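K.L.:
Let me give you the structure first, and then I'll get to my questions.
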Amino acid sequence: MENIPLMPMKQNFLDDMRLWCYDPDTHEAVIVYNGDRENFRMLDPMWIVNMSANDISKLFRHDIFDEDKDAHQALKFQRVACYCFYRGIHAESTWTLKH
């Protein structure tokens, strides 16, 4: 298999993001927007891999909010965003470009 199947993601949709946090009830990362826009929920940290470079940069610049008891789970989302940012992995990249 040459490509890993990933969830299709909207691209460049975090321009008006206010923050992101971990929801321990649903075990999802929740992106909260400014204004009346509906929150976006991510069930799997690997969904971040298929976001645009712009969106990954936005997640990288904002630490995820979580309660101390949920830090281990929340940091999985943060780590994937950091890894993608530093390695140049995003929806428009190819593995042969930098690896």
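K.L.:
If E92 satisfies all but one of (1) under 17 Å from P24 (Cα atoms); (2) acidic (D, E); (3) part of a loop (DSSP other than H, G, I, E, B); (4) in contact (Cβ under 8 Å) with a residue 40 or more places away in the chain, what's the number of the condition it fails?
P.N.:
(1) is the only condition that E92 fails.
K.L.:
Continuing with the same structure: Consider L6 carefully, then state whether it is in contact with a Phe, Trp or Tyr (Cβ under 8 Å, 6 or more places away or on another chain), touching a residue at least 24 places away in the same chain (Cβ under 8 Å) and surrounded by 12 or more Cβ atoms within 10 Å (Cβ to Cβ).
P.N.:
Judged against the criteria, L6 is a match.
K.L.:
Return yes or no: is Q78 part of a helix (DSSP H, G or I) and polar (S, T, N, Q)?
P.N.:
yes
K.L.:
Moving on to the next point. Among the residues of the range 14-35, which ones are over 10 Å from the mean Cα position of the chain (by Cα) and part of a strand (DSSP E or B)?
P.N.:
M17, R18, L19, C21, Y22, D23, E28, V32, Y33
K.L.:
Looking at (1) surrounded by 15 or more Cβ atoms within 10 Å (Cβ to Cβ); (2) within 11 Å of the chain's Cα centre (by Cα), can you tell me which one R79 breaks?
P.N.:
(1)
K.L.:
I'd like to know if the range 36-57 contains one or more residues that are surrounded by fewer than 15 Cβ atoms within 10 Å (Cβ to Cβ), among the charged types (D, E, K, R) and part of a strand (DSSP E or B).
P.N.:
Yes, the range 36-57 contains at least one residue that is surrounded by fewer than 15 Cβ atoms within 10 Å (Cβ to Cβ), among the charged types (D, E, K, R) and part of a strand (DSSP E or B).
K.L.:
Return the pairs, sorted by first residue and then second, in which the second residue is at pLDDT 95 or above and among the hydroxyl-bearing types (S, T, Y), the first residue lies in the range 53-71 and is farther than 13 Å from V32 by Cα, the beta carbons are less than 8 Å apart, and the residues are 6+ apart or on different chains.
P.N.:
As it stands, the answer is D66/Y22; E67/Y22; D70/Y22, since those pairs meet every condition given.
The values are calculated or read from the model by the stated rules, or taken from the named source; none is laboratory data. Because the structure is predicted, anything quoted here is derived from the model rather than measured. Cβ coordinates were reconstructed from backbone atoms using ideal geometry, including for glycine residues, and neighbour counts include every protein chain displayed.
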